[in-house]
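The structure appears below as structure tokens.
The values are calculated or read from the model by the stated rules, or taken from the named source; none is laboratory data. Model, not experiment: these values are computed from the prediction. Neighbour counts run over all protein chains shown; Cβ positions are idealised from the backbone, glycine included. All accessible areas refer to the heavy atoms of the entire protein, side chains included, with ligands and DNA or RNA removed. Shrake-Rupley method; radii C 1.70, N 1.55, O 1.52, S 1.80 Å.
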Amino acid sequence: MIPLSVPHIFDSEKNYVQDCLETGWVSSAGKYVDAFEESIRSFTGIEHSCAVMNGTSGLHLALTALGITHNDCVLTNNLTFVATLNSISYTGAEPILVDVKPDTWQIDLELLENWLKINTIKYKDKTVLIDSKKVIKAIVPVYVMGNAYDVFGLQRIAKEYNLKIIEDSTEALGTKINSTHAGNFGDIGVFSFNGNKIITTGGGGMIVSKNKSLISTIRHLSTTAKTDPLNYFHDEIGYNYRLVNVLAAIGLGQMENIQAILNKKQMIFKNYKENLSPLHINFQATDKNVDWNHWMVSIKTKESEKLREYLDKKDIQTRPFWTPMNELPMFKDLTYISLNNVSKELFNSCTSIPCSFDLTSEEQWIIIESINTFFNDVIK
Ligand SMILES: *Cc1c(COP(=O)(O)O)cnc(C)c1O
């Protein structure tokens with residue numbers, strides 16, 4: 001089986017983990033957590049960072065630190081991985097779902113702005129829903145597939161409607177807009193180092209912000225809100241969300257190799273784009289000022305499901321797009337801002353194909369030929 005997307009472990013990770021094991025520094029204290037946080041800061045140019053146990057807990061803490069709580073509303077993508085919605089739900093806030101654009105597959109800001117104009121009023125400096133009287137406090141835009149949404153358009157809307165921005169940049173490590181790194185465009189950004197992300201720590205996450213005091217609040221909350229370690233004094237309900245040293249050691253090793261990973265991802269995408277028939281296949285579009293990390297290759301076709309069955313028989317692993325959030329039982333009653341339900345159309349027509357760092361050019365040729373054969377011979 002050619003896998004969809006699996007991690008590659010380099011030598012540095014092995015050496016750093018060995019160091020943790022030999023010195024006994026395997027848990028929540030140790031130099032690798034600091035070094036890993038620093039490596040993300042210097043790579044992204046975002047001044048402050050706090051490592052956490054995964055992207056989901058990172059989003060949860062980011063929302064909590066910004067004061068999002070019961071009775072608030074938070075705007076987010078209808079087409080995303082469920083963790084985005086889960087993290088909003090943990091705070092007690094109500095997500096409002098926004099459809100995506102058919103070309104870039106990113107949050108549709110024109111649609112959102114028109115909806116805000118009609119459905120909200122300004123009261124003091126708050127954006128209040130006319131129907132429910134609830135306050136919309138924040139937006140969590142997602143970098144879908146690591147590609148970018150219109151960050152400047154969103155900043156403008158957020159300013160006008162007084163919304164906090166938490167960038168779900170979990171898929172976007174390495175992505176830049178006008179040479180500025182993803183995660184930089186809101187109040188807080190969150191990266192994930194889950195097994196299938198651009199780099200991995202097995203499981204892990206990083207919260208980043210230009211705002212020093214937000215990150216110190218987040219660090220405090222992530223370590224049981226302890227103010228006096230000796231007397232076990234905690235000044236609020238905290239969490240145990242921090243990343244352990246042994247996993248940060250893996251992260252530091254991965255970061256030393258991130259340029260090689262990004263180069264390979266870009267090459268894989270380019271090969272697919274040049275060799276898959278444009279008659280049958282569309283790729284995710286990229287805005288002009290975006291330099292994206294090519295984290296995942298997903299192709300849009302009319303025969304998505306049949307293609308997946310065919311490739312499965314050829315021992316090539318694929319995945320459909322995420323089921324849109326408004327179709328999941330726990331989120332089906334949420335407000336969904338949409339005209340044409342683009343989320344559903346993308347769900348029905350997109351298939352992710354293998355794009356691991358270790359994918360060989362022979363394997364990629366097998367995949368390309370299989371897909372072209374499927375369209376030229378099989379379904380004819
Ligand atoms: C991976 C991912 C997350 C969550 O990250 P974990 O580290 O798996 O908790 C959140 N949002 C999106 C869009 C993701 O792809």
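Figures for the structure shown
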read-out: Members of Lys159/Lys212; Lys137/Lys176; Lys134/Lys300; Lys197/Lys300 lying beyond 31 Å, as alpha-carbon distances in this model show; value: Lys134/Lys300
read-out: Sulfur and carbon atoms: percent of accessible area, the stretch 169-266 [1.4 Å]; value: 50 percent
read-out: For the stretch 266-307, accessible area per residue (1.4 Å probe, heavy atoms of protein chains only), Å²; value: 54 Å²
read-out: Viscosity 1.306 mPa s, temperature 10 °C, Stokes-Einstein D of the stretch 234-380 from Kirkwood C-alpha radius, µm²/s; value: 87 µm²/s
read-out: Residue-span extension gain [Ile118 to Ser27] - 0.36 nm each, minus C-alpha spacing; value: 27.6 nm
read-out: Selected from Val208, Val190, Val246 as most flexible by GNM, with the chain as the system and alpha-carbon contacts under 10 Å; value: Val246
read-out: Options Gly146, Ile177, Ile166, ranked by Cα towards positive dipole end of the stretch 122-185, top entry (Cβ charges); value: Ile166
read-out: Value of relative contact order over the stretch 159-283, rounded to a whole percent, pairs C-alpha under 8 Å and six or more apart; value: 16 percent
read-out: Of all accessible heavy-atom area on the stretch 83-161, the percent that carbon and sulfur account for (1.4 Å); value: 53 percent
read-out: The stretch 284-342 - Rg (one decimal) and Dmax (whole number), Cα, Å; value: 15.5, 41
read-out: Kirkwood Rh and Cα Rg combined as Rg/Rh, the chain; value: 0.98
read-out: Apportionment of accessible area to carbon and sulfur, the stretch 272-380, percent (1.4 Å); value: 48 percent
read-out: Exposure rank, largest accessible area first [Glu327, Glu47; 1.4 Å]; value: Glu47, Glu327
read-out: Among Gly238, Gly205, Gly58, residue whose mean-square fluctuation peaks in a GNM of the chain (springs only between Cα atoms under 10 Å); value: Gly238
read-out: Potential extension, Asp358-Ser42 segment - 0.36 nm per residue separation minus Cα distance; value: 111.1 nm
read-out: Rel. contact order, % - alpha carbon contacts under 8 angstrom, at least six apart, the stretch 81-219; value: 14 percent
read-out: Max mean-square fluctuation residue, GNM over the chain, Cα-Cα springs under 10 Å, options Asn54, Asn263, Asn78; value: Asn263
read-out: Distance violations [Cα-Cα > 25 Å] among Lys126/Lys288; Lys122/Lys344; Lys101/Lys332; Lys101/Lys273; Lys306/Lys344; value: Lys126/Lys288; Lys122/Lys344
read-out: Accessible area per residue, Å², the stretch 99-143 with all protein chains present, probe 1.4 Å; value: 49 Å²
read-out: In nm, spacing of pseudo-spin labels at Asn340 and Asn211 (7 Å Cα→C-beta vector); value: 3.6 nm
read-out: Distant-in-sequence amide H partners of Val297 (H built 1.01 Å from N, under 5 Å); value: Ile353
read-out: Sum of -39500 (n - 2.57) over DSSP H runs of 4+, divided by residues of the chain (222 nm, nearest 500); value: -11000 deg cm²/dmol
read-out: Simple spin-label estimate for Lys302 and Asn15 in nanometres, 7 Å along Cα-Cβ; value: 5.5 nm
read-out: Solvent exposure of the stretch 188-239 as accessible area per residue, Å², 1.4 Å probe; value: 46 Å²
read-out: Distant alpha-carbon pairs in the stretch 2-127 (separation over 20 angstrom), percent; value: 65 percent
read-out: Computed E for His8/Asp235 - FRET, C-beta separation, R0 35 angstrom, nearest 0.05; value: 0.25
read-out: Fraction of the pair-distance distribution of the stretch 133-242 above 19 Å, Cα-Cα pairs, percent; value: 54 percent
read-out: Radius of gyration and Dmax over the Cα atoms of the stretch 101-180, both given in Å; value: 13.7, 41
read-out: Whole-number percent relative contact order across the chain, with pairs defined as alpha carbons under 8 Å at least 6 apart; value: 25 percent
